[in-house]
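**Q** What follows is a structure written as structure tokens; I'll ask about it next.
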Amino acid sequence: MSGEMRFTEHLGELRQRLKVVFLSLSVIFAVLLLVPRNPYEFLSLTGTYNPLVSIFLDRIVQDILPAGWKLIGFHVNEGLEIVLVASLMLAVAFDIPIIAYETYRFIDPALKENERKLVYPFVISSSILFLVGLAFGYFILSRFLLIALTPFFVAGHLDLTIEGADFYYVVFLTVFFSGVAFTFPVFVYLLIRFGIIEASFFSKNRVYVWFGTYILTAVITPDGGPLLDVILFFPVISLLELAVFFGRRFRGGEPRAASKGRRCSYCDSPLDPAQVFCTRCGKANA
């Protein structure tokens, strides 16, 4: 009965934390979508109304759309669709700190001491790499994409026009997947850190790892030719090699147990076959 009660309490806590995330996300989304960019124009009843998210859309056009290109709309609701999607994506981006905090508070009681020590480095490193990846995707990949396609438009005697929804969605996806790609090395380091994969696996299979990484970068980048894939591939593979290097150093400097690899259930330190109490944390192991 107590087990059922505990499970019910966990569900209740999860519901509360999801409610906080949903409410904060809804508030940010509503502000971006409904608050006017220029309140004075809105109150003057001139009929001009631009939501707050239009500042973000203007910035994208100024930073990424090459000179000479024009955006066009093919559908009646295309402008509304773009504004809704942009507001939602920005709301999620602004809500990430709240999502991360609520997630950590929910899983923290279940973490062991050694796992808890890895939470902050993991969150900080993955967050920094994700932000670097977003900046790389925004300022380099997205800009290069249309520039790389321009000669083909000229060769085909086509006007330099692109549908508005296609332009914004390509930018959104390129930036997002670039951020995701930059976080892969963190997970590789954790796999090596916990001994799930040996660092030697990457050394022995470097050609296959590099080839697989290139295929992955090609899949997650929109059409822009192989050059765009290479531009994303080099920073990702460099970070991956660094993750393997530091993972190997950690595993190499870690003391080994004298037996079949028994480890402490609390701090992950090596234990001898007959050892009961851990010399590091002092806790008993069955």
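**Q** If only Cα atoms are counted, what is the Rg of the range 38-176, and what is its Dmax, in Å?
**A** 20.1, 64
**Q** So what's the angle, to the nearest 10 degrees on a 0 to 90 scale, between helix 113-136 and the longest Cα principal axis of the chain?
**A** 20
**Q** I need the peptides 201-213, 137-149 ranked by packing, meaning the mean over residues of other C-beta atoms within 10 angstrom, with the highest value on top.
**A** Highest to lowest by the protection proxy: 137-149, 201-213.
**Q** Can you compute the equivalent ellipsoid semi-axes for the range 120-245, i.e. the square root of 5 times each eigenvalue of the Cα gyration tensor, sorted largest first and rounded to whole Å?
**A** Details: eigenvalues 210, 55, 16 Å².
Its equivalent ellipsoid spans semi-axes of 32, 17, 9 Å.
**Q** Label-point separation (nm) for VAL92 and VAL154, each offset 7 Å from Cα along Cα-to-Cβ?
**A** That separation, rounded to one decimal, is 3.7 nm.
**Q** Rounded to two decimal places and with Rh computed the Kirkwood way over Cα pairs, what is Rg over Rh for the chain?
**A** 1.08
**Q** For the range 63-80, take each phi angle, set θ = phi - 60°, evaluate the Karplus expression 6.51 cos²θ - 1.76 cosθ + 1.60, and give the result in whole Hz per residue in order, putting x for glycine and proline.
**A** Going residue by residue, I get 7, 10, 5, x, 4, x, 7, 10, 9, 10, x, 9, 10, 4, 9, 5, x, 5 Hz, with x marking Gly and Pro.
**Q** Normalising by the residue count of the range 127-254, find the relative contact order in percent from Cα pairs under 8 Å and 6+ residues apart.
**A** On the way: 115 pairs, mean separation 44.6, N = 128.
With pairs under 8 Å counted, the relative contact order is 35 percent.
**Q** Which order do the peptides 56-66, 154-164 come out in when sorted by mean C-beta neighbours inside 10 angstrom, highest first?
**A** On the way: 56-66: 14.7, 154-164: 11.8.
Result, highest mean Cβ count within 10 Å first: 56-66, 154-164.
**Q** If you don't mind, another one. Would you calculate the separation in nanometres between label points at ILE147 and ALA30, each defined as 7 Å from the Cα along the Cα-to-beta-carbon direction?
**A** 4.3
**Q** Can you tell me the FRET efficiency between ARG248 and ILE140 if r is taken as the Cβ-Cβ distance and R0 is 30 Å, rounded to the nearest 0.05?
**A** Working from the Cβ atoms, E equals 0.50.
**Q** What number, in nm² with one decimal, is the all-direction average of the projected area of the convex hull of the alpha-carbon atoms of the range 1-110?
**A** 11.1
**Q** Using the beta-carbon distance between LEU80 and LYS283 and R0 = 51 Å, what value does 1/(1 + (r/R0)^6) give for FRET efficiency, to the nearest 0.05? Each step should come with its number before you reach the end.
**A** Values: r = 59 Å, r/R0 = 1.15.
For LEU80 and LYS283, the calculated efficiency is 0.30.
**Q** Grab the beta carbon distance between TYR208 and GLU9, set R0 = 45 Å, and tell me the FRET efficiency rounded to 0.05. All intermediate terms of the calculation are to be shown ahead of the outcome.
**A** Details: r = 47 Å, r/R0 = 1.04.
The value I calculate is 0.45.
**Q** Now a separate question. Grab the Cα-Cα distance for ALA218 and TYR49, subtract it from 0.36 nm times how many residues apart they are, and report the gain in nm with one decimal.
**A** Working: separation 169, 0.36 × 169 = 60.84 nm, distance 4.00 nm.
Difference between extended and current length: 56.8 nm.
**Q** May I ask you to order 76-87, 172-183, 96-107 by the average number of other C-beta atoms within 10 Å around their residues, highest value first? Please report the intermediate quantities before stating the final value.
**A** On the way: 76-87: 15.7, 172-183: 20.3, 96-107: 13.8.
Top of the packing list down: 172-183, 76-87, 96-107.
**Q** Please arrange VAL236, VAL119 by how many other C-beta atoms lie within 10 Å of their C-beta, fewest to most.
**A** Ranking VAL236, VAL119 by Cβ neighbours within 10 Å, fewest first, gives VAL119, VAL236.
Values in this text are rule-based calculations from the coordinates and carry no lab data. Computed from a predicted model, the values in this text were never measured in an experiment. Glycine also receives a Cβ, built like all others from the backbone with ideal geometry; neighbour counts cover every protein chain displayed.
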